[in-house]
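Enquirer: I'd like to ask you about the structure that follows.
The values are calculated or read from the model by the stated rules, or taken from the named source; none is laboratory data. Remember, it's a predicted structure, so these values are computed and weren't measured experimentally. Backbone-built Cβ (ideal geometry, glycine too); neighbour counts: all protein chains shown. Ligands, DNA and RNA are excluded from the accessible area calculation, which covers all protein heavy atoms including side chains. Shrake-Rupley method; radii C 1.70, N 1.55, O 1.52, S 1.80 Å.
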Amino acid sequence: MCPIQASANPPCLRLLLIALLAGGCSSPADPDPDPVQSLPALREVSNFPVGIAFQAGRIQASAYNSIARGVFSSLTAEYEMKMRHLSAGPGVYTWDNADALVEFARSNDMQVHGHALVWHESTPSWVENFTGTDEAFETQIRQYITDVVGRYGDAIISWDVVNEAFENNTGLLRQSVFRRRMGSDYLARLFRYAREADPDVLLFYNDYATPWDAAKRGAMFSMIDDFQNRGIPIDGIGLQMHVTYDFPSIDAIGAVMDSVAARGLLVHVSELDVRVNPAGDLTSLTEARSQAQKARINDIVTAFVSLPADRQFAITLWGLRDPDSWLIDFWGNPEWPLLYDEAFRPKPAYEGFLEAL
């Protein structure tokens, strides 16, 4: 069955869909469908970049390749640009996968968002077990940032300098190796080192749960206000947006976006996926949950496009197909959180994104 329900679309979009759907929908049995031809490409109809979290190993897979380059205009490395995957020791790097993603993006007119320079969950053993002084530790981290940011220059338009620095529910700084070795002001110094490495790259702080975790949200905004008062460079905030079909409220999501924009920063919906089975009550995706997911995507994109245009950085989907999502293993439930199903067919959620545009 085709995913399009024409009666649910406004007339202008319906006409566009009819024109582009003249060739019909891909059959479920088609092993390598081309969804670029079945719905308008997001990159062609959006006024802001729409991104995809991607892996270098999928560049050679035709369906992944076709959708990524045809539908999306921005690329984030799903894991290959994190420290554990780039650096096996001080000054020792493995660039192959990160280089391949940058080249794939360059050849397909996609911008690249770097993710992430520092994340407590992806630190290599040489960082966790560093035996030198605290000063020597900071020197090595500074050199790492200089090397990575400097290698890619303007091929990477932006970086998440730090990912998830605040604890859930308390807003306290995580007791990561960076906090222990560099002190409570380590965030500011990392942002300064990134700016020194590239005066033009956009610098982001990235975190999850800020629409509903008041303590974490408060800590993040306190950090922003402190940075701006002290002249610490920061250009934007990544709102990860790992949400469910019914939580949190769209008012809470919109309020965080508005608060970031009001501080003059760019808003990046940086890791968007929408769980439809949080209670584990489904064994297959129902039409009702699929439509609820469509409505949720529509609401989030609508909130984003309501921001001032100069505050809209990008929306990035955290994965392509449902069965590839990290959420399945993380939560242990069947899940269908993305815009494409297992056969690479766009879902109603994709339509919800289009309609919001």
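Enquirer: How many residues, within the range 180-198, are basic (Lys, Arg) and open to solvent by 60 Å² or more (accessible area, probe 1.4 Å)?
Expert: Residues flagged as basic (Lys, Arg) and open to solvent by 60 Å² or more (accessible area, probe 1.4 Å) within the range 180-198 amount to 2.
Enquirer: Another one. Tally up the residues in the range 145-179 that are crowded, with 22+ Cβ neighbours inside 10 Å, in contact with a Gly (Cβ under 9 Å, 6 or more places away or on another chain) and part of a helix (DSSP H, G or I), please.
Expert: Adding up the residues that qualify gives 2.
Enquirer: I would also like to ask the following. What number of residues within the range 321-357 are of a type in the set (A, V, I, L, M, F, W, C) and surrounded by fewer than 16 Cβ atoms within 10 Å (Cβ to Cβ)?
Expert: Of the residues in the range 321-357, 2 are of a type in the set (A, V, I, L, M, F, W, C) and surrounded by fewer than 16 Cβ atoms within 10 Å (Cβ to Cβ).
Enquirer: Right, another one. Could you list, in sequence order, all residues of the range 45-96 that are of a type in the set (Val, Ile, Thr), without any contact (Cβ under 8 Å) to a residue 60 or more places away in the chain and crowded, with 19+ Cβ neighbours inside 10 Å?
Expert: Val71
Enquirer: Say we look at the range 77-126 and pick out the residues that are under 15 Å from the mean Cα position of the chain (by Cα) and among the small types (Gly, Ala, Ser); which of these is nearest to Arg179 (Cα to Cα)?
Expert: Among those that are under 15 Å from the mean Cα position of the chain (by Cα) and among the small types (Gly, Ala, Ser), it is Ala116.
Enquirer: Considering only residues of the range 268-291 that are closer than 20 Å to Leu354 by Cβ and out of contact with any Ser or Thr (no Cβ under 9 Å at 6 or more places or on another chain), which is least open to solvent (accessible area, probe 1.4 Å)?
Expert: Only one residue tops the list, namely Ser290.
Enquirer: Scan the range 271-308 for residues that are in contact with a helix residue (DSSP H, G or I) (Cβ under 8 Å, 6 or more places away or on another chain), farther than 17 Å from Ser249 by Cα and of a type in the set (D, E, K, R) and jot them down.
Expert: Once the filter is applied, which keeps residues that are in contact with a helix residue (DSSP H, G or I) (Cβ under 8 Å, 6 or more places away or on another chain), farther than 17 Å from Ser249 by Cα and of a type in the set (D, E, K, R), the range 271-308 yields nothing.
Enquirer: If Ile234 meets every condition in (1) at positive phi; (2) in contact with a helix residue (DSSP H, G or I) (Cβ under 9 Å, 6 or more places away or on another chain) apart from one, which number is that one?
Expert: (1)
Enquirer: Step by step: first the residues of the range 199-233, then only those that are among the polar types (S, T, N, Q) and open to solvent by 30 Å² or more (accessible area, probe 1.4 Å), then the one that is nearest to Trp318 (Cα to Cα). Which residue is that?
Expert: Out of the qualifying residues, it is Ser222.
Enquirer: Filter the range 127-144 down to residues that are among the hydroxyl-bearing types (Ser, Thr, Tyr) and either part of a helix (DSSP H, G or I) or modelled with pLDDT under 95 (or both), then give me how many there are.
Expert: Selection size over the range 127-144: 2.
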